[in-house]
Structures are given as structure tokens and as C-alpha cells.
Amino acid sequence: MRDRFALAVAGAVVTAAAAVAPAAAASPIPPLAASPAPQAVGGAQLAGHGVLVNYPPGPVPRLPKVTASAWVIADAGTGQVLAAKDPHGRYRPASTLKVLTAISLIPVLNPNAMVVASKQATTVSPNIVGLLAGHAYKVSALFTALLTISANDAAMALAQATGSLSQGMADINAEARHLQADDTVAVTPNGLDAPGQHTSAYDLALFARQGLRIPAFLRYDQTTGGLFRISQKKSVGLWNQNTLLATYPGAIGGKIGWTSAAGATYVGMARRHGVTLIVTLLHCPALTEINAGKSLLNWGFAVDGKVRPVGTLVGARQPPRPAPIRSASTAPKADQVNRAQSVGSGPSVVVAAGFSGVVLLAAGIGVVYSRRQRARP
């Protein structure tokens with residue numbers, strides 16, 4: 001009798017397990033199909049590495065000669081890329097990365113909050129503005145220093161103002177993914193060279209276009225002078241390194257960059273007769289980037305609407321839930337983290353839960369049977 005009951009229980013377990021996991025036992029996993037080659041963000045033509053332009057029939061101004069490894073000239077309003085060179089090539093960004101830092105952190109930091117500079121922020125080299133460890137600085141003043149004199153220490157302080165440097169870098173890279181700037185990986189908030197850090201001329205154009213949508217960004221970026229208070233006894237002068245603002249009619253913003261490894265890099269923006277153009281350049285000879293930008297802007301204004309675009313500046317991915325404005329981060333409690341890590345989903349979890357239920361059922365039947373056996377005389 002016991003043997004027959006044990007066999008019945010085992011049979012019930014096997015049958016029930018098969019019932020809760022039919023997919024696992026029914027058919028093998030089909031082989032993966034070959035994936036098609038991904039298309040370049042913004043259009044197939046933008047996958048090219050040389051100079052890309054679609055001249056129409058008839059007399060149209062030809063592109064100026066520009067000495068840079070990569071560049072893009074685009075209409076910010078329509079999103080049309082008028083011409084480009086190696087637009088998705090990956091290069092070191094230098095300080096043009098500060099545009100991404102600004103558009104990522106302006107929405108999440110209270111401009112009136114005070115940030116205490118850390119030793120890590122004040123010892124970055126070169127630090128540019130000269131923050132003092134332990135001194136408090138206004139977030140809006142740090143953004144102004146970031147985008148005018150390219151303050152590397154201000155970039156570090158702003159990233160840490162999110163709660164930690166790692167949180168700040170997570171915010172910055174998340175914004176790049178949100179904008180579909182998939183050629184960009186930020187390792188430092190200031191653009192100083194770091195292993196694995198890169199961007200593209202196309203991505204810089206996406207950052208500039210986003211900056212045009214943020215009034216606070218333009219306000220900081222268009223500042224031409226002022227004072228930055230280091231301490232009660234010391235202030236330093238600010239000036240805008242983007243001389244396009246003072247020398248090019250219609251200029252509305254931009255950012256220069258340079259390191260010995262990156263060469264000169266540049267983002268420029270200008271508006272004429274209701275048309276707003278963005279120009280970006282990477283890996284230029286030193287001190288040539290702004291003049292090269294002017295040449296491309298002149299060409300762009302002359303041919304906008306006359307040449308067929310080589311691609312488009314894509315829109316952002318579905319926007320995440322708006323982040324709260326903060327001056328410090330709030331970390332999740334340990335039990336919340338543990339619960340989040342222990343929750344699963346999908347077929348394997350369903351199978352495991354079903355099988356566990358079957359085992360418990362079988363165990364219950366066994367207990368009842370055992371009690372009945374002991375109750376018999």
C-alpha cells in the first residue's frame with residue numbers, strides 16, 4: 001500500500017510539473033536568425049566616413065576646405081544634416097563634452113543651491129576657475145564658469161552635486177542615451193581625456209540642439225563676462241572662450257575644446273533670418289576650429305533649402321519620468337535594494353513557482369497519509 005501511494009505521489013509530481021512548464025518540454029529553442037546590419041542613426045548616408053554632400057544640379061556654392069577629422073553642419077529647426085564628414089566617427093571630445101554635462105545636469109540641479117567643493121573637484125588639473133575645498137558655491141555660478149571659461153573643477157563639482165560623482169556620470173550618460181547619441185561615452189564630466197571616452201560630430205550636434213531648447217543653458221552659454229567669487233577675499237574674471245559670439249553676426253552659442261590628444265574641438269550655433277544652424281568639428285589643428293566653424297556656417301546659410309540633406313538629427317527617445325530637482329541624492333534603503341534584486345519575472349520564474357507548489361502539495365499529501373497510518377490500530 002505504501003509503495004503504491006509513493007508511486008502515485010511521484011506520478012502526480014511529474015504530471016503537475018509538466019503541466020506548469022509546457023513550453024520548456026514541448027519544443028527546443030529555435031536558432032537565432034542573423035541580424036541585419038544596423039543603420040546609422042540619422043540615415044544610411046551618415047554611415048560614410050568621407051565628405052558627405054548632395055549637390056543639386058546647377059550652380060550652388062561648394063563646401064569650403066576644412067581641416068578636421070570629422071564635422072557636421074545641420075539645420076537645428078528642421079533637423080536636416082546639410083553636409084558632414086565622418087559624422088559617426090568616434091573621437092575624443094575635449095571640453096565640448098561640457099555641453100552634454102550642462103544639458104544633463106541643468107534640469108536636475110537647483111540653480112540657487114549651494115555646493116561645497118570637494119578635494120577631488122579642487123585638485124583636478126587643470127582646474128581653471130580655482131575652487132577651494134570646503135567652500136560653498138552657487139550652482140548657477142558653477143554652470144556659468146563651466147560654459148564660459150571651461151572650468152574643469154566646476155564640472156566636477158556639478159557632477160558631485162547630484163549626490164556623488166558616479167551618480168552625476170550616470171545622469172550624463174543617461175542623457176546621451178535619451179538623445180540617441182549612441183557614439184558617446186562620458187567618463188569625466190569635463191571632457192579631460194580618459195580611456196574609453198569618445199563622442200562623434202553627429203552626437204555633438206544632438207547635444208547642441210538640445211541646448212537650444214533649454215533657456216538656462218543659453219543664458220549661461222551666452223555670458224560674455226563677469227566675476228566668479230572664489231572666497232570672501234578673492235574673485236576671478238570670467239570671459240567667454242567662444243569668440244564666435246563676438247565676431248560672427250547671428251552667433252548664439254557654442255563651446256570650444258582642446259587637449260593634446262583630442263586636438264581642437266568645437267560646437268557653434270548661429271541664427272539668421274529665422275534659420276538656426278549648428279556646426280560641430282572634431283580633431284582640428286589648434287586655434288583653427290572657430291574659423292573653420294564660420295566657414296561651414298557661411299556655406300550652410302547660403303545653401304540651406306537648396307541641397308538635399310545627407311541625413312537628419314533624430315529626436316530623443318521616449319522621455320523618462322521627469323527627475324526631481326535636487327541638490328543631493330537620496331539613496332534607496334538596503335531592504336528596498338534587496339527586494340528589488342530578489343524579484344524576478346518570465347517563464348523560468350513561473351516554472352519555478354509552479355514546481356514549488358507541486359512539491360508542497362505532494363509533501364502535504366504525504367503528511368496526511370503518514371498521520372492516517374499512525375492513527376490505524
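The values are calculated or read from the model by the stated rules, or taken from the named source; none is laboratory data. This is a predicted model, so every value here is computed, not measured. Quick reminder, even Gly has a Cβ in these numbers, built from the backbone with ideal geometry, and neighbours come from all protein chains shown. Quick note on the areas: whole protein, heavy atoms, side chains included, nothing else; ligands and nucleic acids left out. Shrake-Rupley method; radii C 1.70, N 1.55, O 1.52, S 1.80 Å.
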Accessible area of the stretch 141-246 with a 1.4 Å probe: how many percent of it is carbon plus sulfur? 55
If you find the alpha carbon centre of the stretch 38-96 and of the stretch 154-200, how far apart are they in angstrom? 24
Trypsin sites (Lys or Arg not before Pro) in the stretch 186-221 lying in a DSSP loop, each with at most 14 other Cβ atoms within 10 Å of its Cβ, come to Arg213
Between Leu238 and residues 5 or more places away or on another chain, which pairs have amide H atoms under 5 Å apart, with H built 1.01 Å from N, and which residues are they? Gly226, Leu227, Phe228
Just the accessible area for Tyr55, please: 1.4 Å probe, Å², rounded to the nearest 10? 80
Two-site FRET efficiency, Lys138 against Trp239, from Cβ-Cβ distance with R₀ of 22 Å, rounded to 0.05: 0.70
Cα-projected label distance for Ser164 with Arg219, points at 7 Å along beta-carbon direction, nm: 3.2
Let me understand the stretch 47-139 better: what is its radius of gyration from the alpha carbons, and its Dmax, in angstrom? 20.4, 64
Using packing as a proxy for protection, rank 160-172, 41-53 so that the peptide with the highest average count of other Cβ atoms within 10 Å comes first. 160-172, 41-53
With a Cα-only, solvent-free Debye model of the stretch 194-322, what are the log10 I(q)/I(0) values at q = 0.15, 0.19 Å⁻¹? -0.83, -1.21
Amide proton proximity set for Ile252, modelled H, under 5 Å, gap of 5+: Met269, Ala270, Arg271
Per residue value of the accessible surface for the stretch 75-172 (all protein chains in place, 1.4 Å probe), Å²: 30
To the nearest 10 square angstrom, what accessible area does Ile128 show with a 1.4 Å probe? 80
Just to verify a number: FRET efficiency for Val60 and Thr259, C-beta to C-beta distance, R0 = 35 Å, to 0.05? 0.45
Pop a pseudo-label 7 angstrom from the Cα along the beta-carbon direction at both Ser125 and Leu227 and give the gap in nm to one decimal. 3.1
Expressed as a rounded percentage, what relative contact order does the stretch 191-298 have, with Cα pairs under 8 Å and six or more residues apart? 22
Residue-ordered couplings for the stretch 254-264, obtained by feeding phi - 60° into the Karplus form 6.51 cos²θ - 1.76 cosθ + 1.60 and rounding to whole Hz (Gly and Pro as x), are x, 7, 9, x, 6, 9, 5, 7, 7, x, 7
